[in-house]
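Computed from the coordinates by the stated procedures, all read-outs in this text should not be read as laboratory data. None of the values given here were measured: they were computed from a predicted structure. Heads up, the Cβs are rebuilt from the backbone with ideal geometry, glycines too, and the neighbour counts pull from every protein chain shown.
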Amino acid sequence: MERTFIAIKPDGVERKLAGEIIRRFETKGFTLVGLKFLKVSRELAEAHYDVHKERPFFAGLVDFITSGPVVAMVWEGEGVVAAARKMIGATNPLTAEPGTIRGDFGVNIGRNIIHGSDAIETAQREIALWFKDEELVDWQPHSMAWLHE
Ligand code: ADP
């Protein structure tokens, strides 16, 4: 079953959006299989954003993501990687569609509330980076029978 990595960034936590964001993934029909609340180390932040290390915003991004607590999650479901990206919306909240998390709650690209893996392979890399195997829960909610034919 497909899994994706989702993180509510320090701005989302400070703005008390964690409950609203979790609610959206739950009510959509995805299954929570991992969850932790942590202050991110510079080492983890740099590894997570390694692909952006040459970009001008990299240092500021690492400073920001390590500045306060983050809610790190793994969500499971058919097509969850692409569906979560749609639910999150475009990188810049100002142009993200209304109805998306960034479109509904943000105005600035450097404070865009949430991270979601951009592809299945990225999700696998990010889940392994943030979670140990034993921190992920294998379970099948009973509601599955009502979400699928
Ligand atoms: P996404 O998070 O939508 O996958 P990217 O992978 O392109 O977006 O960028 C990673 C993160 O880097 C963004 O979510 C945002 O926090 C930050 N970022 C990207 N572009 C900029 C920018 N031009 N200025 C400031 N921060 C940026």
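Laid out as a table, the results:
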read-out	value
Output for segment 71-95, where each listed residue is assigned to a loop (DSSP other than H, G, I, E, B), of a type in the set (Gly, Ala, Ser), more than 17 Å from Ala7 (Cβ to Cβ) and within 15 Å of the ligand (Cβ to nearest atom)	Ala90
First in segment 61-87 and of a type in the set (D, E, K, R), second anywhere and within 13 Å of the ligand (Cβ to nearest atom), Cβ under 7 Å, 6 or more apart	Arg85/Gly116; Arg85/Asp118
Top-ranked residue in segment 93-144 [being over 26 Å from Leu44 (Cα atoms) and of a type in the set (S, T, N, Q); ranked as farthest from the chain's Cα centre (by Cα)]	Ser143
